[in-house]
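Chemist: Pasting in a structure now, in structure tokens, and then I'll have a few things to ask.
A short reminder: the numbers here are calculations on the coordinates, not readings from a lab. Remember, predicted model here, so these are calculated numbers, not experimental data.
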Amino acid sequence: MYAVEFQASVENGIVHIPQQYQELQQNPKVKFIAIYENVNNTNLVHNKTQKQLDEFDRLVSQSNNKVMATMELATNIDDLVLDGIL
């Protein structure tokens, strides 16, 4: 098995093979691996994450549980040490 790497344009589902690799057309079976950037996918992930954060904020605002962690509470382990947990 041989491997080559090249960049090619795709138009209407057709991959345009560069001239120096035209011999690929003579092979009855060729395996392609496509690596591509999808800018729209990044935007979709960001939008989905933002929607989830907005929903979380909405649920927290409607909750009766208003306990919020502070940096001191999050980093103060003295009580845990005294209780033998750490």
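Chemist: Taking θ as phi - 60°, what are the ³J(HN,Hα) couplings along segment 53-62 by the Karplus curve (6.51, -1.76, 1.60), each to the nearest whole Hz, with x for Gly and Pro?
Modeler: Karplus values, whole Hz, x for Gly and Pro: 5, 4, 5, 4, 4, 4, 5, 5, 5, 8.
Chemist: Continuing with this model, one more query. Roughly speaking, what is the stretch gain from Ala3 to Ile35, that is 0.36 nm per residue apart minus the C-alpha to C-alpha distance, in nm to one decimal? Write out the running numbers ahead of the final one.
Modeler: Details: separation 32, 0.36 × 32 = 11.52 nm, distance 1.46 nm.
Once the chain is fully extended between Ala3 and Ile35, it gains 10.1 nm.
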